[in-house]
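**Q** Here it is: the structure, laid out below.
Taken together, the values in this text are just the output of simple stated rules run on the coordinates, not laboratory data. Predicted model only: the values in this text are computed from it and were never measured. Please note: Cβ atoms are built from the backbone with ideal geometry, for glycine as well, and neighbour counts cover all protein chains shown.
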Amino acid sequence: MKESLLDVLCCPLDKHDLELEDAVGDDDVESGTLVCTECGERYPIEDGIPNLLPPDMREETPA
Amino acid sequence: MKESLLDVLCCPLDKHDLELEDAVGDDDVESGTLVCTECGERYPIEDGIPNLLPPDMREETPA
Amino acid sequence: MSVRAEFDAWAADGRDRGMEDRHWATAKHALGRMPVEPGDVVLDLGCGSGYAGRAIRDTYDAGTVYGLDGAPKMAENAASYTDDPQVGYVVGDFGSLPFATDAIDHVWSMEAFYYAADPHETLREIARVLRPGGTFYCGVNFYEENVHSHEWQDRISVEMTRWDAGEYREAFRDAGLHVAEQDTIPDREVDIPDESAFPTDDWERREDMVERYREFGTLLTVGVAE
Amino acid sequence: MSVRAEFDAWAADGRDRGMEDRHWATAKHALGRMPVEPGDVVLDLGCGSGYAGRAIRDTYDAGTVYGLDGAPKMAENAASYTDDPQVGYVVGDFGSLPFATDAIDHVWSMEAFYYAADPHETLREIARVLRPGGTFYCGVNFYEENVHSHEWQDRISVEMTRWDAGEYREAFRDAGLHVAEQDTIPDREVDIPDESAFPTDDWERREDMVERYREFGTLLTVGVAE
Ligand SMILES: Nc1ncnc2c1ncn2[C@@H]1O[C@H](CSCC[C@H](N)C(=O)O)[C@@H](O)[C@H]1O
Ligand SMILES: Nc1ncnc2c1ncn2[C@@H]1O[C@H](CSCC[C@H](N)C(=O)O)[C@@H](O)[C@H]1O
């Protein structure tokens, strides 16, 4: 994902801003974690695609 | 014209309410005059059709 | 010549009905898209014979339909074609609509908008009479992309506005109308003769006639009042 | 079964591309009506292969197009079909959109909305992410009037919403979306064999197939955010 996507994304639960952590890749983020600045919920980025399903709908993919 | 038309009509010049004068016909007005409650401009109703052209565009039809 | 003089003459020689026949092929598709609910109040600007308003009243069980036209003879003709008490006609001008603010649920105008002396003012007037969320359905076959329409101006004394699709969208927005859709609706019904019939009285080349009707048809722009 | 499980399987066996082929015949007409301006931000809900968003980006020079899908494999496939840096995909659910309030100019959704677990909540979410005046283009071929679609529910594990046209309009308005247009867009391209070929594997009677495609097609409802 492009970092600019952060401008329009938000936490699906409480609609607060997300912060990017552990980013691999430059402007084009390959993997990393999006963290809600309010509730702290963590959303994975895998193969460049952020998974922003609400946590109860997200089945963890084996590491 | 139906008298209920008065609910949605207004003076084309200043958009104020119109009042019906000299009405011939009941609920279905055949002829008469619509008078602006603000500027006093008068608009004729002929053959049941109100002529609400701004006065400078209305060519008077011979009586 | 004035709108009144030009179009009273059209009404007198039956062109109101002629236009109804020709415009129906595209108008019906635009009419079919309108989100009119039972009881809604609808205004038909430049109603001509008034066919569109009457179709809206019948199809959607609209509460009341008003047709406005600048040519008294057009309004008279339109009135003579119906005795539906929920349909009414008024003589008025696009430049200063005699309707109260927020009084109308939907405004319809077919092959008429481009005759407005000041189209921007007319759009502001439409935005004024529409309640918030009301729609303006504006169909025009005289527009920039439709090159085959350009010469029409030579045959009519009233000055016409020739915008392209983008200019329509921009002007709508300037007047406070959100643009919800824009589309060209083809006329699939007009009879286009075989190649051998060309040139005809009206068309040099068959491909031009095909383009005019099957491709360019009528440009529909739908606005929603803020 | 979950949306994820059901549609990951579809993506894995190539049904994302199969749907793209079948949906294009009606989707392209709805796409052609959208008032997207250069630079606009567009969101494709339930993007599948992502073809619609990419067409919007290319046709209208949209600024950025995002595709959201609940099935990670769908989003992966979609991402693999383009390297346009202005197109991005996210995995997310219709019930709680991960987009900021007023961040989107236009939302598009084709043959996907009826899978929402709570369609009213999804409409409210769409109204939230759209800026005032932004449009929601919602195309569905599974709907009440299309009787030929009713049996589809038997073949899929995800529960589907089957509204009629009026219920769509009402639900849009309840969620704060003005209804600007509603239309059924026929599929004029699907090949319908001669009478002699019926019954086929899928159709008892030719007239049903004609009705399904040429008449019912896709129900399009266009909403405009307040
Ligand atoms: N400035 C103006 N104010 C009001 N009506 C006008 C006008 N300019 C043109 N018109 C009317 O607009 C109509 C255009 S012809 C189209 C008629 C009809 N809508 C149809 O589809 O067939 C004429 O009846 C003409 O009298
Ligand atoms: N609740 C939900 N949240 C997010 N996506 C969902 C969803 N329910 C279904 N979908 C997605 O919606 C898509 C429906 S299939 C339609 C795909 C595409 N729009 C096309 O026209 O071909 C699938 O990709 C499915 O994964």
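**Q** When both residues are 6+ apart or on different chains and their Cβ atoms are under 9 Å apart, which pairs have a first residue that lies in the stretch A:1-20 and is among the small types (Gly, Ala, Ser), and a second that is surrounded by 13 or more Cβ atoms within 10 Å (Cβ to Cβ)?
**A** Listed by first residue and then by second, the contacts come to A:Ser4/D:Thr64; A:Ser4/D:Gly88.
**Q** Hey, among the residues in the stretch C:142-164 that are surrounded by 15 or more Cβ atoms within 10 Å (Cβ to Cβ), among the hydrophobic types (A, V, I, L, M, F, W, C) and more than 19 Å from C:Trp108 (Cβ to Cβ), which one's nearest to ligand 2 (Cβ to nearest atom)?
**A** C:Met160
**Q** So, B:Glu19, is that one under 22 Å from C:Asp102 (Cα atoms), charged (D, E, K, R) and within 11 Å of another protein chain (Cβ to nearest Cβ) or not?
**A** no
**Q** Could you say which residue among C:Arg57, C:Arg17, C:Arg33 is within 14 Å of chain D (Cβ to nearest Cβ) and charged (D, E, K, R)?
**A** When all the criteria are applied, what remains is C:Arg33.
**Q** Would you tally the residues in the stretch D:61-80 being more than 11 Å from every other protein chain (Cβ to nearest Cβ) and more than 20 Å from D:Ala100 (Cα to Cα)?
**A** 1
**Q** If you take the residues in the stretch C:183-226 that are hydroxyl-bearing (Ser, Thr, Tyr) and away from every other protein chain (no Cβ under 14 Å), which one is surrounded by the fewest Cβ atoms within 10 Å (Cβ to Cβ)?
**A** C:Ser196
**Q** To continue, here is another question. Check off (1) buried (at least 24 other Cβ atoms within 10 Å of the Cβ); (2) touching a Pro at 6+ places or on another chain (Cβ under 6 Å) for D:Ser96 and give me the number that stays unchecked.
**A** (1)
**Q** OK, next. Give the residues of the stretch A:7-34 that are assigned to a strand (DSSP E or B) and surrounded by 14 or more Cβ atoms within 10 Å (Cβ to Cβ), sorted by residue number.
**A** Answer for the stretch A:7-34, where residues must be assigned to a strand (DSSP E or B) and surrounded by 14 or more Cβ atoms within 10 Å (Cβ to Cβ): A:Leu9, A:Leu18, A:Leu20, A:Ala23, A:Ser31, A:Gly32, A:Thr33, A:Leu34.
**Q** Have a look at C:Ala75, C:Ala112 and point out the one that is surrounded by 19 or more Cβ atoms within 10 Å (Cβ to Cβ) and within 23 Å of C:Ser149 (Cα to Cα).
**A** C:Ala112
**Q** Would you confirm, using the coordinates I've provided, whether D:Thr59 is in contact with a strand residue (DSSP E or B) (Cβ under 9 Å, 6 or more places away or on another chain) and among the polar types (S, T, N, Q)?
**A** It is false that D:Thr59 is in contact with a strand residue (DSSP E or B) (Cβ under 9 Å, 6 or more places away or on another chain) and among the polar types (S, T, N, Q).
**Q** List, please: which pairs have Cβ atoms under 6 Å, are six or more places apart or on different chains, and start with a residue in the stretch D:1-30 that is in contact (Cβ under 8 Å) with a residue 24 or more places away in the chain and end with one that is surrounded by 15 or more Cβ atoms within 10 Å (Cβ to Cβ) and among the hydroxyl-bearing types (Ser, Thr, Tyr)?
**A** Between residues of the stretch D:1-30 that are in contact (Cβ under 8 Å) with a residue 24 or more places away in the chain and residues that are surrounded by 15 or more Cβ atoms within 10 Å (Cβ to Cβ) and among the hydroxyl-bearing types (Ser, Thr, Tyr), the close pairs are D:Asp16/D:Ser49; D:Arg17/D:Ser49; D:Glu20/D:Ser49; D:Glu20/D:Tyr51; D:Thr26/D:Thr218; D:Ala30/D:Tyr137.
**Q** Being more than 11 Å from ligand 1 (Cβ to nearest atom) and outside any loop (DSSP other than H, G, I, E, B) is the filter here, so list the residues in the stretch C:90-120 that pass it.
**A** C:Phe99, C:Ile104, C:Asp105, C:His106, C:Val107, C:His120
**Q** Quick check on the stretch A:35-55. Is at least one of its residues surrounded by fewer than 17 Cβ atoms within 10 Å (Cβ to Cβ), part of a loop (DSSP other than H, G, I, E, B) and at the interface with chain D (Cβ under 7 Å from one of its Cβ atoms)?
**A** Checked the stretch A:35-55: at least one residue is surrounded by fewer than 17 Cβ atoms within 10 Å (Cβ to Cβ), part of a loop (DSSP other than H, G, I, E, B) and at the interface with chain D (Cβ under 7 Å from one of its Cβ atoms).
**Q** Then there is this: Are any residues in the stretch D:35-55 within 29 Å of A:Pro54 (Cβ to Cβ) and either in contact with a Ser or Thr (Cβ under 8 Å, 6 or more places away or on another chain) or away from ligand 2 (no atom under 12 Å from the Cβ) (or both), and if so, which ones?
**A** Of everything in the stretch D:35-55, those that are within 29 Å of A:Pro54 (Cβ to Cβ) and either in contact with a Ser or Thr (Cβ under 8 Å, 6 or more places away or on another chain) or away from ligand 2 (no atom under 12 Å from the Cβ) (or both) turn out to be D:Asp40, D:Val41, D:Val42, D:Asp44, D:Leu45, D:Gly46, D:Gly50, D:Arg54.
**Q** In addition: In the stretch C:189-226, what residues are aromatic (Phe, Trp, Tyr) and within 30 Å of C:Ala171 (Cα to Cα)?
**A** C:Tyr213, C:Phe216 - these are the residues of the stretch C:189-226 that are aromatic (Phe, Trp, Tyr) and within 30 Å of C:Ala171 (Cα to Cα).
**Q** Mind listing whichever residues of the stretch B:1-10 are within 7 Å of chain C (Cβ to nearest Cβ) and either of a type in the set (Lys, Arg) or farther than 19 Å from C:Ala79 by Cα (or both)?
**A** Result: B:Lys2, B:Cys10.
Quick grid of which residues meet (1) in a loop (DSSP other than H, G, I, E, B); (2) in contact with a Gly (Cβ under 8 Å, 6 or more places away or on another chain); (3) surrounded by 16 or more Cβ atoms within 10 Å (Cβ to Cβ); (4) of a type in the set (Asp, Glu):
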| position | (1), (2), (3), (4) |
| --- | --- |
| D:Phe7 | no, yes, yes, no |
| D:Val36 | yes, no, yes, no |
| D:Ser49 | yes, no, yes, no |
| D:Val65 | no, yes, yes, no |
| D:Ala79 | no, yes, yes, no |
| D:Asp83 | yes, no, no, yes |
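**Q** Any residue at all in the stretch B:26-46 that is out of contact with any Lys or Arg (no Cβ under 9 Å at 6 or more places or on another chain) and closer than 18 Å to C:Arg4 by Cβ?
**A** Within the stretch B:26-46, one or more residues are out of contact with any Lys or Arg (no Cβ under 9 Å at 6 or more places or on another chain) and closer than 18 Å to C:Arg4 by Cβ.
**Q** Oh, and also: With the structure loaded, tell me whether C:Gly139 is buried (at least 18 other Cβ atoms within 10 Å of the Cβ), on the phi > 0 side of the Ramachandran plot and either small (Gly, Ala, Ser) or within 14 Å of chain D (Cβ to nearest Cβ) (or both) or whether it fails that test.
**A** Spelling it out, it is not the case that C:Gly139 is buried (at least 18 other Cβ atoms within 10 Å of the Cβ), on the phi > 0 side of the Ramachandran plot and either small (Gly, Ala, Ser) or within 14 Å of chain D (Cβ to nearest Cβ) (or both).
**Q** I've got another one for you. Restricting to the stretch C:121-177, count the residues that are in a helix (DSSP H, G or I) and over 23 Å from D:Pro38 (Cβ atoms).
**A** So the count comes out to 17.
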